[in-house]
Every structure is written in C-alpha cells, then in structure tokens.
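The values are calculated or read from the model by the stated rules, or taken from the named source; none is laboratory data. This is a predicted model, so every value here is computed, not measured. Cβ sites come from the backbone with ideal geometry, for glycine too, and all protein chains shown count toward neighbours.
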C-alpha cells in the first residue's frame, strides 16, 4: 500500500511561544489531535524531524521529543530518522473495538463499592465536618478566634524555627513531643485531678482521632457500647465505624443514668461519657453517679471513654475531679483537646491511657499517621511552659462568662415562653429547651434561613426525645451578634408557633 505524504501547514500546528507549555509538548498535542481527528489518517508519512523543525522554526530536539512521545503512546510507528508514519492501530481504535466486543457493564453504586465498615463511615452526616468560614450565631464548639494571641504564637513559632535542631526534622516519637506531654501532665494534675505520667500521654490530631483510635483498639464488631442519649455525634460516628452496637442511655440532671445502662446492657464493653459538661445537655455528672459508673466498669471489666472536651470553662464553683482521677482500677481512657481552648485548626489533642494500654495506643498512633507535626507541638509546649496558656484561659473564662450572660439575658427578654435555657454555667454552649409542641428540627431549618446556626437537639439523639431543643454556642460571637442572633431566632420560632406560654414546658 503506498504511503501518503503529509500535508502539514504552519496553521495546523502553530506553536505559541508565549504559552507556559513547553514547545515539544505543544507539538505533541497538535499532532496527536490531528491524528485523532483523522486530519492525519493512518499510514501517513510524517516529514523528517530536521525538515519539520526548519519549517516550524524550532530546534530539532523539540520535534524529536514530540515524536518520541507519540511513538511511545502508539500514535505513530517506525523509527525516528528512518521514516515515521501514523499508526494503523491507533490507541482509540483499540479502545473502540474493545468497547464494541464487550458487554455493557452496569455502573457500580458507591455503596456497593464500599466495605460494610466503609459504608458506615460514609453514612456520617457530611455537614458535621464542613463548618467553615466566620462563625455565625450560634455555631457550637468554636472558641473566640478573634481573641487568640496570634502575635505571641507567631513569635514563639519564629523562635522555634530559629532554634529547631536538625534532628527534629526527622520522624519523632509517635506518642508525641516529650516536653509537650510533660506540660500536659502538669496541667491536668493541677486543673483536673488527673493522675498520670508522661508515658501515659499520647498526642493525637484532636479528640476525633482519639475517639477513633480508642474505638478501633477496644472494640470488635458487634461489641456493645453505652452511648449518652442525647450525645456527641462525633463519638457516635467513631464507635459505629468500629462496628459497635450502640445502646442509648438517657441523661438526667445528674448525668448518665448508670442504673438504666446496667439494666439495658450490663455486659457492655465500653461506656462513652462527657461527665464534666455533658454534650449537648450541659449537665455535670454527680459524684455518686461517677462512683457508680467506675464501680460498674471495674466489676464488668469494661472501659470508660471520658471525653473532657471543654472542662476548662466553668463560671461558678469548681469542677469535680475528672473520672480518671477517681479511677483506681485503670478502666478510664481520658480524652482532651486544644481545639476549644486555642483554635480548631491546630489539630492537637491527647489521650491519657492506663499503663497496660500504652504500647498498644502508641502502635495504633504510629499506624494512623505516624505523628503530629513536631513544630506545632514544640510551639504549644512553649506556649504552656511560658505561662501564655494559663493567661489565655483566664481571659477566655471572663469573656465567655460575659457572652453567656448576654445570651441568657437576651433569650429571657426576647424569647420568654419560647425557649428555656437549662444548661449549667459551664462550657461554650447552652441547651435551650423548646415547648413540647414545637419540632426542633423545623425550627433549626427556619433559623438557617434567617442566617442563624441553631442545631436541633433531636439530631444528637438515637431515639425519639420527650422534648426538643436548640444547641446554642456563644463563644465565637460578640455580644452584639448574640443579641441580633436572638432576634433572628425569634422570627424563626414565631413563624412556627403563635402563642406559647411557660406551661408548654411540661416535665
């Protein structure tokens, strides 16, 4: 079969020297497109590299590199320098032939492509992890980012960069930077009554990773876990992802109903609790309940996950000692985070684990993502050691107490009979109870249309609750924003109900 000569014109393969793409890549794209669109048909002979280079006004290597790429991908055949032709068996022809000879395949759904565990993880509400941008009233769980001493943090970071040893740029200890672990031990012992050594502290990427590690290490699929009802959704997701069977245990004014937990699932493997400031109801677990929970765990050989997420903030009286500090049987895994006291993007938290679990947790931490960034840990250790952490906490306690008071005052004044705040004076949010006739999810949806974030209490529960409510964070917004947020919230609730009286809050 006679070979056709190519009819390549400068217009067909015009090269633009102002483009950031290299000339040989431009030539490759122009020629491959001409071949695929059949402007260069199979069997067409391409001009010699020298001749084409001269015609285009480029170096011969530019043409050689483009031809070699086309040759490697099957667009052309032959040998550069001894005659090169458009391939008779183009890659796209092969693909089309295979497509015609193969039976049609059904699209694989995302659920079918996942493992059972993967499907559980994927079912977690994505919105839970997508809170971003400047917080609005009343997004819970976010501190006052505008009050953080970023200039001090910057100075400490700059100092660390100047003095950081070269060895620190290699892998560090999976359990965390030792000076930071020592600082955490000193802080917890003084402020929370936690009894531990630095060897028991595992630095992690926030409390969510702590929950995930604990769940994967302590639970087999099908193991039973007591879950506070209502309770923290992040913990629920981590426990379900580990294959746990969640048993909802109600919370009252004294915290977790241990007696109901024992009655429903005496042989549970794990109990998840937030005893210092229950999330989201805001109550503090009484000493009697704490001791009863510890007694059950010791007797049943069960584990307690104590999530102490915002215990630093209490505005009246002193907080009770952490469960871990009362534990004499080494059944408590204590979880803390710096997200609520500093800023969430820091992604540093910690676990305090019983001595017999230390090696297992270190191994799991190393498998998860090896370690947290050493520089961030070092800066935080300096921030604590040089007194800035304690100073920041004192400032934030005073500020949050003022913002909480502003929210309570505005709710009592503007929403009297519509919302009833039931939380104790602690933490970064309040739980505001709605009358029984009001659907809290509907109110939350309406609030969103008024540019207010007010999560529904029902979204934190596994079962149907006797009453609904709204979880209102106050730490991240100033007093003017709080008062404006309450006015917007009033519109959302009034749109749902006409006249509500205090009698609507039935026990």
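Descriptive notes on the structure:
- Test result for residue 239, closer than 21 Å to residue 327 by Cβ and touching a strand residue (DSSP E or B) at 6+ places or on another chain (Cβ under 9 Å): yes
- Scan of region 408-419 for residues that are closer than 14 Å to residue 485 by Cβ and not in a loop (DSSP other than H, G, I, E, B), ordered by number: 408, 409, 410, 411, 413, 414
- Helices (runs of 4 or more DSSP H) fully within region 146-225 that include at least 3 residues being more than 24 Å from residue 386 (Cβ to Cβ) and in contact (Cβ under 8 Å) with a residue 40 or more places away in the chain: 207-218.
- Count of residues meeting criterion [under 25 Å from the mean Cα position of the chain (by Cα), over 30 Å from residue 488 (Cβ atoms) and surrounded by 13 or more Cβ atoms within 10 Å (Cβ to Cβ)] in region 131-177: 9
- You will find that of 225, 204, 249, the residue that is closer than 30 Å to residue 168 by Cβ and buried (at least 24 other Cβ atoms within 10 Å of the Cβ) is 204 and no other.
- Test set (1) crowded, with 16+ Cβ neighbours inside 10 Å; (2) assigned by TED's automatic domain parsing to the domain that holds residue 86; (3) more than 13 Å from residue 87 (Cα to Cα) - residue 55 fails condition number: (1)
- Options 335, 304, 260; residue that is touching a strand residue (DSSP E or B) at 6+ places or on another chain (Cβ under 8 Å) and either in contact (Cβ under 8 Å) with a residue 60 or more places away in the chain or in the same structural domain as residue 469 (by TED's automatic domain parsing) (or both): 335
- Residues of region 338-357 that are outside any loop (DSSP other than H, G, I, E, B), out of contact with any strand residue (DSSP E or B) (no Cβ under 8 Å at 6 or more places or on another chain) and in contact (Cβ under 8 Å) with a residue 12 or more places away in the chain: 344, 346, 355, 356.
- Positions within region 420-474 being in a strand (DSSP E or B) and crowded, with 24+ Cβ neighbours inside 10 Å, in sequence order: 426, 429, 430, 431, 432, 469, 470, 471, 472, 473
- For the condition assigned to a helix (DSSP H, G or I), in contact with a helix residue (DSSP H, G or I) (Cβ under 6 Å, 6 or more places away or on another chain) and assigned by TED's automatic domain parsing to the domain that holds residue 169, residue 378 qualifies.
- Tallying residues that are in a helix (DSSP H, G or I) and within 53 Å of the chain's Cα centre (by Cα) within region 31-59 yields 6.
- Any chance residue 20 is at pLDDT 85 or above and assigned to a loop (DSSP other than H, G, I, E, B): no
- Checking each residue in region 244-289 for being assigned to a strand (DSSP E or B) and at positive phi picks out only 255.
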